[in-house]
Amino acid sequence: MRTVLLGAPGSGKGTQGAVLAKKFNIPQVSTGDLLRAAVASGSELGKQAKTAMDAGALVSDEIVIGLIAERILEDDAKQGYILDGFPRNIAQAEALDTMLSKLGQPLQGVVLLDVPFEELLQRLTGRRTCRDCGAIYNIHLSPPNTADKCDACAGELFQRDDDNAETISKRLTVYQDQTSPLIAFYQQQSKLHTLIGTGDVSAISNAATDVFNSL
Ligand code: AMP
């Protein structure tokens with residue numbers, strides 16, 4: 001199942017991607033996670049990516065397309081994958097289509113998580129992530145039982161560097177200007193499935209599961 005989760009920062013791609021990856025036994029491929037790992041490792045690629053990430057801007061197409069091209073050829077992606085945070089502009093979407101058509105394995109579906117702007121802001125400013133298991137919380141909307149501690153593994157919760165007010169606003173503008181044109185792009189390919197991304201998390205997962213089963 002070759003799929004893309006599309007949506008603004010804070011729309012729930014990470015949360016839903018994790019649920020769906022488990023259900024369908026395919027990897028969730030997040031360019032944000034791959035880039036954060038590269039930054040943490042101190043590699044040359046990580047150094048190049050960090051400046052753009054800290055500013056809330058997009059990392060160069062060349063870097064992210066290279067990361068995806070390698071990742072989708074790994075063994076665990078043979079049965080499919082859920083792309084999370086990629087593509088983020090038309091050039092990346094076209095590069096992906098070219099790459100997949102060469103493999104004879106086109107994308108099957110794109111799920112858009114639609115969330116109003118005000119809620120995105122609240123989600124992003126309140127987001128906390130577990131350093132150990134990656135579980136995602138929100139101090140306003142879904143707080144952990146104990147402050148700063150993961151309910152699942154007791155790991156420390158942290159706030160992402162780019163979840164500060166200034167960078168958040170820049171990331172939402174970048175989404176509006178560069179990523180949202182992908183909605184029309186995938187609509188034209190008849191691959192777009194739009195879900196309301198607010199309300200009960202498991203209801204959204206169930207709706208996304210139905211879409212995946214229909215592909
Ligand atoms: P995310 O975790 O998806 O919110 O991504 C965090 C940051 O990583 C973004 O604000 C960008 O700086 C960078 N990034 C992630 N995915 C991409 C992509 N497909 N293209 C360019 N930059 C990306």
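One chain, two ends: residue 196 and residue 145. Fully extended at 0.36 nm per residue, the span grows by 15.6 nm beyond their Cα-Cα distance.
Computed from the C-beta positions of residue 164 and residue 37, the FRET efficiency with R₀ = 30 Å rounds to 0.90.
Less than 5 angstrom separates the built amide H of residue 197 from those of 114, 115, all sequence-distant by 5 or more or on a different chain.
Normalising by residue count, the range 48-93 has a Cα convex hull of 84 Å³ per residue.
Hey, what number do you get for the chain at 222 nm if only DSSP H runs of n ≥ 4 count, each worth -39500 (n - 2.57), divided across all residues, to the nearest 500?
Working: 9 runs with 102 residues, N = 215.
Value at 222 nm, helices only, nearest 500: -14500 deg cm²/dmol.
For a protection proxy built on the mean count of beta-carbon atoms within 10 angstrom, sort 6-16, 191-201 highest first, please. The partial results should precede the final answer.
Numbers: 6-16: 24.1, 191-201: 16.1.
With the highest mean Cβ count within 10 Å placed first, the list reads 6-16, 191-201.
I'd like the carbon and sulfur percentage of the solvent accessible area for the range 73-199, probe radius 1.4 Å, heavy atoms only, ligands and nucleic acids excluded. Walk me through the numbers before you get to the answer.
Working: 3290 of 6780 Å².
That fraction is 48 percent.
A 1.4 Å probe run over the protein chains yields, for the chain, 50 Å² of accessible area per residue, whole-number rounding.
Taking max minus min of the alpha-carbon positions on each principal axis, the chain gives extents of 49, 41, 34 Å, largest first. Each Cα pair under 8 Å and six or more residues apart adds its separation to the average, and for the range 95-215 the resulting relative contact order is 31 percent. Computing FRET efficiency as 1/(1 + (r/R0)^6) for residue 51 and residue 176, where r is the C-beta to C-beta distance and R0 is 22 Å, gives about 0.50.
Hey, what did the chain get for relative contact order, percent, Cα under 8 Å, at least 6 apart? Display every interim value, and only then the final one.
Numbers: 315 pairs, mean separation 62.6, N = 215.
Result for the chain is 29 percent.
The values are calculated or read from the model by the stated rules, or taken from the named source; none is laboratory data. Just so it is clear, the structure is predicted and the values come from calculations on it, not from any experiment. Every residue, glycine as well, gets a Cβ built from its backbone with ideal geometry; the counts of neighbours run over all protein chains shown. Just the protein is used for accessible areas: all its heavy atoms, side chains included, with ligands, DNA and RNA removed. Shrake-Rupley method; radii C 1.70, N 1.55, O 1.52, S 1.80 Å.
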